[in-house]
1. Which one, (1) 34, 31, 25; (2) 52, 28, 20; (3) 38, 34, 24, gives semi-axes √(5λ) of the Cα gyration tensor in Å as derived from the coordinates shown?
2. When the dipole is taken about the Cα centre of the chain, and only Lys, Arg (+1) and Asp, Glu (-1) are charged at their Cβ, what size is it in debye, to the nearest 20?
3. Packing-wise, with mean Cβ within 10 Å as the measure, how do 585-592, 439-446 rank, highest first?
4. Considering the dipole of the chain built from charges on the beta carbon (Lys and Arg +1, Asp and Glu -1) around the Cα centre, which of 245, 181, 107 is farthest to its positive end?
5. Anything over 23 Å Cα to Cα? Flag those among 238/312; 94/179; 130/179; 454/509; 130/509; 159/221, in the order listed.
6. Using a cut-off of 13 Å between beta-carbons, work out the net charge of the residues near residue 472 (Lys and Arg +1, Asp and Glu -1, residue 472 not included).
7. In terms of modelled amide H atoms, which long-range or inter-chain residues lie less than 5 Å from the amide H of residue 459?
8. Calculated from DSSP H runs of 4 or more alone, at -39500 (n - 2.57) each and per residue, what is the 222 nm mean residue ellipticity of the chain, nearest 500?
Amino acid sequence: MDGGEGEVGGGEGGSGGGGERQLGRALSFGIPDTALGLVLGYVEDPWDRDAISLVCRHWCRMDALSRKHVTVAMAYSTTPERLFRRFPCLESLKLKAKPRAAMFNLIPDDWGGSASPWIRQLSATFHFLKALHLRRMKASDDDIAVLVRAKAHMLVTLKLDRCSGFSTSALSLVARSCKKLQTLFLEESIIDEIDNDEWIRELATNNSVLETLNFFLTDLKASPEYLTLLVRNCQRLKTLVINECLMSDLTSLFRSAQTLQEFGGGTFDDPALVDSRNFENYYFPPSLQRLTLLYMGPNEMQMLYPYAARLKKLDLKFAFLNTEDHCQIVQRCPNLEVLEVRDVIGDRGLAVVAQTCKKLQRLRVERGDDDHGNLEDEQGVVSQVGVMAIAQGCPELTYWATHVSDITNAALEAIGTFCKNLNDFRLVLLDREAHLTEFPLDNGVRNLLRGCTKLRRFAFYVRPGVLSDDGLSYIGEFSKSIRYMLLGNVGQSDRGLLQFSQGCPSLQKLELRGCYFTERALAIAALQLKSLRYLWVQGYRASPTGADLMTMIRPFWNIEFIAPNKDEPCPEGKQQILAYYSLAGRRTDCPPSVIPLYPAF
């Protein structure tokens, strides 16, 4: 956990008595506890906080009293009671449950992740809690009711991020009761009773301080009248990201939203608009800087032109545009800091991005339509050409995720040479092209990692044979500071994995897919990765009994086998193993699809 790691390490730090307390005060250089607490208030990085908490018991206690935010990266890694004992003054908590693979439908729906025990403890204790962020969890209406009864008078932020189990009745309760709420975030959550949008009207009439409302990519409905009422009553509203709603119905909303900085969710599925091509009535407030529009086509994109130069974020992942259309829009957006597109932008579009967007900090290129005939542009694929252009033209990038159809060592080396500020890089090599220009990519990956010394998160998902055992060993050798890693179809044998595991001194979370290492190699690698706290694997060479996985057993280490379907035998290559460090002991809510592995005595 981020900050929660401090709960695991710092919570157990120190073992001395009076002598150690004296040492702790000596190490404080005579600084009074009040002053030390104020200094710690400026230390925001959770990893620095963890290091501070390990100095001595006194510093651990000061960290505990001054820590305001904690991220628990795995809900089963600790208990709410232990967290409260460690950090009694928390004001903000982020809590994750289901593995990240659940976002790609790789984890059974009944896996677990109930928020009930957490919410009940949070509501009964955590007297300073103002912000709660649940991610990939199940929260029922009753859970939310408990939270609201206890925290409505102080709750400022509520994020139900990719969550499920609650209905619009719960949202209405939040809207009526939480009058200090500034952020309500529901993106990609599965919500019941979606036809009821009364909760928006109640939010508008009961809350005047709301700054962020996001229910993007949900099935929630929202009438333009209620949204306009919300904007008029909430004069501080800066971010409004909704579901599908016709742009032609939002004219009054935009003219009322003079403080709006981000908008997402407007659609153009309006034949009358397409036929008339009359955009004179369309208006965006002067403060708007970040924009996401759904189903925008070539006929509608001209409405962006008057506002393009001031945009800092543009999301075109859901637009119906070809390569040339992307070029036309991007070249009018010189101040972009965030750009999200599909790979239909092509190498030519990325070249325009590199020439125009010198301030770009975040770039995401998602997978587009696999049917090239639907792209209306044979250049609508991304290869080493586009990657090279971005690397050379956008030196300020800190985050870069891209799907490519082809890639070379030289392109990867260019990233290491020019993108010195990257802290998060993710590459997926698609299987569209029958033949790749060059492989293996061992030297390219080595040079990328040697150059990008600020990397903390790294994903490299390729095709079998593209990265050899030597390349995998390079990843281990040159990933000194990487804390999270996803690797797909890498390596050739157990040798590569074992050499990889001799490096990565900071790696805490590792996800492997389609690599087919043996159980024994996985177990040895998990033991050799000294900082590892979380391991998810799909696809490995399973033994008949699973006995080799028992080598991985160690104190506070939970291991679970996840079957794809409890009613069918596990298909070859689809076996899943989830292992994680936990102070909470073994789970008690495992469904039939989750089988805890215990050592044999």
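1. (3)
2. Numbers: 69 positive and 72 negative charges, 595 e Å.
That gives the chain a dipole magnitude of about 2860 debye.
3. Numbers: 585-592: 12.0, 439-446: 21.5.
In descending order of packing, they fall as 439-446, 585-592.
4. Toward the positive end, the furthest listed residue is 181.
5. On the way: 238/312 14 Å; 94/179 21 Å; 130/179 12 Å; 454/509 17 Å; 130/509 28 Å; 159/221 19 Å.
Those over the limit are 130/509.
6. Working: positive: 446, 495; negative: 442, 469, 470, 477, 494.
Charge balance in the 13 Å sphere: -3.
7. The answer is 425, 426, 427, 486.
8. Numbers: 21 runs with 186 residues, N = 601.
That calculation yields -8500 deg cm²/dmol at 222 nm.
Quick note: the coordinates plus some simple rules give every number you see, no bench work behind them. All values reported here derive from a predicted model rather than from experimental measurement. Note that we place each Cβ from the backbone using ideal geometry, even for glycine, and neighbour counts take in every protein chain shown.
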